[in-house]
Structures are given as structure tokens and as C-alpha cells.
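Enquirer: The structure is given below, and queries will be raised subsequently.
The values are calculated or read from the model by the stated rules, or taken from the named source; none is laboratory data. Since the model is a prediction, treat every value here as computed from it, not as a measurement. For neighbour counting, all protein chains shown are included, and Cβ atoms are generated from backbone atoms with ideal geometry for every residue, glycine included.
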Amino acid sequence: MKHIHSNRGNSIIFMLIVLAVLIGGGILYYKGVKSQKDALEASLPIPSFNDIPPVPEQAPVEIGAEDEMIGDEGVMEAASLKEFNVEGKNFEFSVKEIRVKKGDFVRVNFTSTNGMHDWRVSGYDAGTAIVNTGESSFVDFKADKAGMFEFYCSVGEHRQMGMVGKLIVE
Ligand SMILES: [Cu+2]
């Protein structure tokens, strides 16, 4: 009798150990999945737009389709990116007028075809790096203020010499 009791006791302990291992394994597995998920989320690129001029060698901001931006909650928000290619030389821009809608994200890809120039827009404090012949720089900003703003080259007296244009935010 005593022998059987002792066996039954052992098998209950054995069952408890098996249960503990299963539960422990389950928790570890869950944690592993969760940390993989966190790592994946952390590695996703976050689109950023601001008014601060980009530092040279800025990594390109990843922007997919024109009308898709991923918001804070991971919800797809409607936002449109308006992209403009502008060339500059002594002393004018190839594009004299840029027209966007209020709320648009704007990217200006600026290339100098002759001389040292940049592209800046007053009222937004946004601008590209100063680049030399054959070089390019871009700037992103959100057109969150309606109105007409002058864009210009900030090098030397280029602005006064007519290196200007109009940004119209409707
Ligand atoms: Cu210039």
C-alpha cells in the first residue's frame, strides 16, 4: 500500500514538473515572439518632415506611394507629397513658381548647374544645403501656412541679383 501511495505521489510531482515546464516554455515563447515584433517595429522607417534645413549627407527619407503616409497609430492617413526638381545657375532658378495646397508635404530637389547655390524659402525657414556645380541637395517641409512666400538663393547677393521665385500655398 505504502509503495503504491509513494508511486502516486511521485507521478503527481512528475505531472507538476511537466506542467511547470510547459507553462515556462509558453511564457518564453510568448516573450520571444513579442521581442521579435518589437524589434521589427523599431526597425521600420518613420517618415519625418520638419522645417529644419537638412544636414548635408542626410539619408533620404523613405516615402512610398504619393498618397500614403503611416501615421502615429499605424493608420493610413491621406497626405500628398509634392515633389519639385529645381535647377539653379548664375543667377536664376529653372522654376520660378511652385504651387501647392496647404497641408501638402513638399520636397524640393535642388541641383546647381553652374556655381554655388542653395534653395531656401522665407517664412518656412526651410532650405537645402549650399551645393556646387553638378551637386544636388533636397529639403522636405510641410506647407502648413497658406500664402505667398519668396524662395531664393542665400549665397552672396544672389537673391538681390534675381535668384528668386514664388512658393504659393493655397
Ligand atoms: Cu545662388
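Enquirer: Are there any pairs with C-beta distances below 6 angstrom linking a residue in region 133-161 that is surrounded by 13 or more Cβ atoms within 10 Å (Cβ to Cβ) to a residue that is modelled with pLDDT of 95 or more and among the acidic types (Asp, Glu), with the two at least 6 apart or on different chains, and if so which?
Expert: ALA143/ASP104; CYS153/ASP118; SER154/ASP118
Enquirer: Additional query: Identify the residue in region 74-93 that is surrounded by 13 or more Cβ atoms within 10 Å (Cβ to Cβ) and aliphatic (A, V, I, L, M) and, among all such residues, is modelled with the lowest pLDDT.
Expert: ALA79
Enquirer: So, one more: Just to be sure I understand, how many residues within region 138-166 are touching a strand residue (DSSP E or B) at 6+ places or on another chain (Cβ under 8 Å) and more than 18 Å from PHE91 (Cα to Cα)?
Expert: 11
Enquirer: Among the residues of region 110-127, what is the count of those that are within 11 Å of the ligand (Cβ to nearest atom), in a loop (DSSP other than H, G, I, E, B) and closer than 17 Å to LYS166 by Cα?
Expert: Counting residues in region 110-127 that are within 11 Å of the ligand (Cβ to nearest atom), in a loop (DSSP other than H, G, I, E, B) and closer than 17 Å to LYS166 by Cα gives 2.
Here's the yes/no breakdown for (1) out of contact with any Lys or Arg (no Cβ under 7 Å at 6 or more places or on another chain); (2) modelled with pLDDT of 95 or more; (3) in a strand (DSSP E or B):
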site	(1), (2), (3)
VAL95	yes, yes, no
VAL108	yes, yes, yes
ALA129	yes, yes, no
THR133	yes, yes, no
PHE138	no, yes, yes
GLU150	no, yes, yes
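Enquirer: Please state which one of LYS82, LYS102 is away from the ligand (no atom under 11 Å from the Cβ), under 25 Å from the mean Cα position of the chain (by Cα) and not in a strand (DSSP E or B). Before the answer, list the steps.
Expert: Numbers: LYS82 fails: not in a strand (DSSP E or B).
Matching residue, one of LYS82, LYS102: LYS102.
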